[in-house]
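Chemist: Take a look at the following structure, please.
The values are calculated or read from the model by the stated rules, or taken from the named source; none is laboratory data. Values in this document were obtained by computation on a predicted structure and should not be read as measured data. No Cβ is skipped: glycine too gets one built from the backbone with ideal geometry, and neighbour counts run over all protein chains shown.
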Amino acid sequence: MGSLNHPNVVAVFDAGEENGCPYLVTELLEGETLAERLRKGAFAPAAAVEAALGIGRALEAAHAVGVVHRDLKPANVFLTMDGRIKVLDFGLAKWTKAEAVSRESTMPGTLLGTPGYMSPEQARGEAADARLDLFSVGALLYEMLCGSAPFRRSSPVEDLHAILHEDPPPLDASHRGIPRNVETVVRCCLAKKRDDRFQSAREAVEALAPAAGASSEAQADRASKNVEGSVPLPLFAELNRRRVFRALVVRGIVAFAVLQIIEPVMHGLHWPDAVLSYVVVALAVGFPVVVGLAWVFDVKAGHIERTAPAQPIRARLLLVLVGIGLLAAAPGLFYYFVLRSPQPAPAREQLDSIAVVPFVNMSSDKENEYFSDGVTEELINALANIPGLRVASRTSVFAVKGKGLDARQIGEKLGVKALLEGSVRREGNALRVTAQLINIADDVHLWSQSYDRELKSIFAVEDEIARSIAQALRRRVAGGESAALVKPATSSQDAHDLYLRGQYFKERRTPDSLRKATAYFEQAIEKDPDYALAYVGLADSASLRELHDDAAPASAVLPKAKQAVTHALELDPGLAEAHVTLGIIAGMDYDWAAAERAERRAIELRPECAEAHHWLALTLAFTGRLREARSEAEQAVRLDPASLIRNSVVGLVATTRCAWSSSWSFRLRRAVSSGSRSAKRSAGTRCSRKLAPNGTAVDQGQSDLRFHALGPWIQIALEMPPLRVATRTR
């Protein structure tokens, strides 16, 4: 039997004897015998024909090598899980012990076979040939079609008598829609005389093939390709055989796991809720795909194999498979789109305020700190262009520089909910900027990025960072997505570098640093005469020298400051910084109407500019419009709550409201309006003594809050030392 190799014959790998007991090593089969299957009822005609074809092909192969089975019966035919037919026990007797004769056991002696399935010549003990197996095939096909054996009686002897002398009941009596040619094949196989039967298994297969919907040529081609005969099973059994249900269960588990992962990731990346809906639909569409793949393929021994085609895939079957997949996906779709209430993103406070912590200078040259500070300031200005986002002022953020505070402490001190921190490394013409956005509430990094560019691309880098922050905070950019948050203020790299140096020294507010700042701004203007921000910087440094440099009288610096800021506005009328500076200079020159116009124009251009609200509050307070001044002062504090300067203006308005009608304040107002320098000095001195503790004069180093609040106006009144305010007001 080892030489008989056919897909419909059980494979025998080895034979031997162990301790006097013979054994065979065969392939492992999973499924059930035909006898077990018949206990569940008759086959559908097409399934019965397909099974008979498999048995016939096995016999054709056996007869070709001279082997006659002689004991075909339901117990010796096996139906595998994947629908293949396997013929077992080729002419082998059981030698372990004598068995009682029954219709299901092989009879010893001259009668070799099983009563009910053996041919008449076997029953008579005559010499037999291959045609006796065809009689058994007819009996098996008859039983599969009708559900009962054709010659089964009450005893084995009666079975043999029926085989020799009786005809089985006609197949058409069963009314099961059995094709006529199938009935003809069964009748031919069950002929009492062997000469009246098919003369070979091949003839029987070719006669039966049309009933299975295939020509004899197609069947011969199928046999030449070693395609096994298989039995079409009921749909549920076929789905189970092809492990479709198992594939659906695995698919469901995978889909559930994907949703558990994608939902928090989606919220963490601030993707729109529609993304989750798309993912759910995509996972649902995958179910019919999985059903189709499971129907066609199977995984065996660690590799993918094509499942034996027990049933060809036709349009109707394809629709059924798609329907099964959609039916499996339906509960999930129904739950998500009907029952499930929309899940909001993880509870997280709206991030509507941010502070740009001074970027760390990572350059080898520590003198490049001016550059990292400049990048910080330009990012502050860029983020201020995002509507609805409050940005901590430069004064506030630079106050925490070098203090060693962590993110939560900085957030509490500055009153913001997010921090932008980073570093700048400048080596020659190479630039590396690293930035990261932190949610202060949970210390989570919402976004981070590194940029390696040339120095000339600094404006583009700053714009990319600002846009990334806007996207991370889910903020819309004013003017649309195409609008630039950072507009290159100059095309000259050298002019920009000189401007940043000037800004760096201007913020130190010492006489020497202000002189250096003025020089750098003038050099920047020489490099680019159309650099509007450089003119604003020049005007700022000039006006600050009037306050902080004894060697710079107002008559010398204020005209120069006014000229510079006026030219800046000629270059860029929409520059909010220039209007703020113009308002400050006008106030220092006692032109309150011009100061108010300039400050209101700055607010119109940039509503979130705390400095503009700050100076407008001071202008309104000094002109006696205290209610309006209080409103502007409070708005400045709302925009920059951590700034001592902004809060001091609120105190100034309150103090002025209480003291405005007092005799010393009246004298101060009259002195200021008189234009007399000596009158201003005298009134200012009396005012400072009135405010200072114990009636003592206020020196430059004092920082009493009451004096700090009124100091700017005392300074305006006096215009000259010794009444200088140590604490900066800008």
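Chemist: Do we find that residue 598 is touching a His at 6+ places or on another chain (Cβ under 6 Å) and over 19 Å from residue 388 (Cα atoms) in this structure? First the steps, then the outcome.
Modeler: Numbers: touching a His at 6+ places or on another chain (Cβ under 6 Å): yes; over 19 Å from residue 388 (Cα atoms): yes.
Yes; evaluated as a whole, the condition is true for this residue.
Chemist: Could you list, in sequence order, the residues of segment 601-648 that are hydroxyl-bearing (Ser, Thr, Tyr) and assigned to a helix (DSSP H, G or I)?
Modeler: Step one: filter segment 601-648 for residues hydroxyl-bearing (Ser, Thr, Tyr), giving 619, 623, 631, 643, 648.
Within segment 601-648, 619, 631, 648 meet the criteria.
Chemist: Within segment 398-434, how many residues are within 29 Å of residue 457 (Cβ to Cβ), surrounded by 14 or more Cβ atoms within 10 Å (Cβ to Cβ) and either touching a Gly at 6+ places or on another chain (Cβ under 6 Å) or without any contact (Cβ under 8 Å) to a residue 12 or more places away in the chain (or both)?
Modeler: Result for segment 398-434: 1.
Chemist: A further question on this structure: Just a yes or no: is a residue in segment 623-636 aliphatic (A, V, I, L, M) and closer than 30 Å to residue 378 by Cβ?
Modeler: yes
Chemist: Only one of 56, 83 is under 18 Å from residue 138 (Cα atoms) and buried (at least 20 other Cβ atoms within 10 Å of the Cβ); which? Break it down into steps so the answer makes sense when it comes.
Modeler: Values: 83 fails: under 18 Å from residue 138 (Cα atoms).
Exactly one of 56, 83 is under 18 Å from residue 138 (Cα atoms) and buried (at least 20 other Cβ atoms within 10 Å of the Cβ), namely 56.
Chemist: Which of the following residues is under 18 Å from residue 208 (Cβ atoms), part of a helix (DSSP H, G or I) and touching a Lys or Arg at 6+ places or on another chain (Cβ under 9 Å): 6, 63? I'd like the intermediate steps shown before the answer.
Modeler: Details: 6 fails: part of a helix (DSSP H, G or I).
Unique residue meeting the criteria: 63.
Chemist: Based on this model, can you work out whether residue 631 counts as closer than 25 Å to residue 416 by Cα, of a type outside the set (Phe, Trp, Tyr) and surrounded by fewer than 22 Cβ atoms within 10 Å (Cβ to Cβ)? Please lay out each step first, then the result.
Modeler: Details: closer than 25 Å to residue 416 by Cα: yes; of a type outside the set (Phe, Trp, Tyr): yes; surrounded by fewer than 22 Cβ atoms within 10 Å (Cβ to Cβ): yes.
Considered against the rule, which asks whether it is closer than 25 Å to residue 416 by Cα, of a type outside the set (Phe, Trp, Tyr) and surrounded by fewer than 22 Cβ atoms within 10 Å (Cβ to Cβ), residue 631 comes out as yes.
Chemist: Let me ask you something else. Say we look at segment 507-557 and pick out the residues that are of a type in the set (S, T, N, Q) and without any contact (Cβ under 8 Å) to a residue 40 or more places away in the chain; which of these is surrounded by the fewest Cβ atoms within 10 Å (Cβ to Cβ)? Give the steps one after another, and end with the answer.
Modeler: Narrowing segment 507-557 to residues of a type in the set (S, T, N, Q): 510, 513, 518, 523, 541, 543, 555.
Going one step further and asking which of them are without any contact (Cβ under 8 Å) to a residue 40 or more places away in the chain, we end up with 510, 513, 518, 523, 541, 555.
Numbers: 510: 11, 513: 18, 518: 26, 523: 17, 541: 30, 555: 9.
Once the filter is applied, the top-ranked residue is 555.
Chemist: Among residues belonging to segment 601-628 that are under 48 Å from the mean Cα position of the chain (by Cα) and surrounded by fewer than 16 Cβ atoms within 10 Å (Cβ to Cβ), point out the one that is farthest from residue 559 (Cα to Cα).
Modeler: By that ranking, first place goes to 607.
Chemist: Looking at the structure I just gave you, is residue 598 closer than 18 Å to residue 519 by Cβ and assigned to a helix (DSSP H, G or I)?
Modeler: On the way: closer than 18 Å to residue 519 by Cβ: no; assigned to a helix (DSSP H, G or I): yes.
Answer is no for this residue.
Chemist: Then there is this: Answer with yes or no whether residue 582 is crowded, with 18+ Cβ neighbours inside 10 Å and outside the structural domain of residue 396 (by TED's automatic domain parsing). Step through it out loud before you land on a result.
Modeler: Details: crowded, with 18+ Cβ neighbours inside 10 Å: yes; outside the structural domain of residue 396 (by TED's automatic domain parsing): yes.
Yes; evaluated as a whole, the condition is true for this residue.
Chemist: Within segment 440-452, is even one residue of a type outside the set (Ser, Thr, Tyr), crowded, with 16+ Cβ neighbours inside 10 Å and at pLDDT 85 or above? If you could, list the steps in order and put the result at the bottom.
Modeler: Keep residues of segment 440-452 that are of a type outside the set (Ser, Thr, Tyr), which gives 440-447, 449, 452.
Right, trim to crowded, with 16+ Cβ neighbours inside 10 Å and you get 440, 446-447.
This time we only want the ones that are at pLDDT 85 or above, so: 440.
Within segment 440-452 (the criterion being of a type outside the set (Ser, Thr, Tyr), crowded, with 16+ Cβ neighbours inside 10 Å and at pLDDT 85 or above), the answer is yes, since at least one residue qualifies.
Chemist: Is it true that some residue in segment 92-109 is buried (at least 19 other Cβ atoms within 10 Å of the Cβ), assigned to a loop (DSSP other than H, G, I, E, B) and at pLDDT 80 or above?
Modeler: Checking segment 92-109: not a single residue is buried (at least 19 other Cβ atoms within 10 Å of the Cβ), assigned to a loop (DSSP other than H, G, I, E, B) and at pLDDT 80 or above.
Chemist: Ok, one more. From the list 154, 148, which residue is in the same structural domain as residue 210 (by TED's automatic domain parsing), modelled with pLDDT of 65 or more and closer than 21 Å to residue 45 by Cβ? Please lay out each step first, then the result.
Modeler: Values: 154 fails: closer than 21 Å to residue 45 by Cβ.
Answer to the selection: 148.
Chemist: So, one more: Residue pairs, Cβ under 8 Å, 6 or more apart or interchain, first in segment 252-270 and modelled with pLDDT of 75 or more, second loosely packed, with under 11 Cβ neighbours inside 10 Å. List them.
Modeler: 263/343; 264/346
Chemist: Please specify each residue of segment 181-234 satisfying the condition of being crowded, with 21+ Cβ neighbours inside 10 Å, assigned to a loop (DSSP other than H, G, I, E, B), at pLDDT below 85 and aliphatic (A, V, I, L, M).
Modeler: 231, 233
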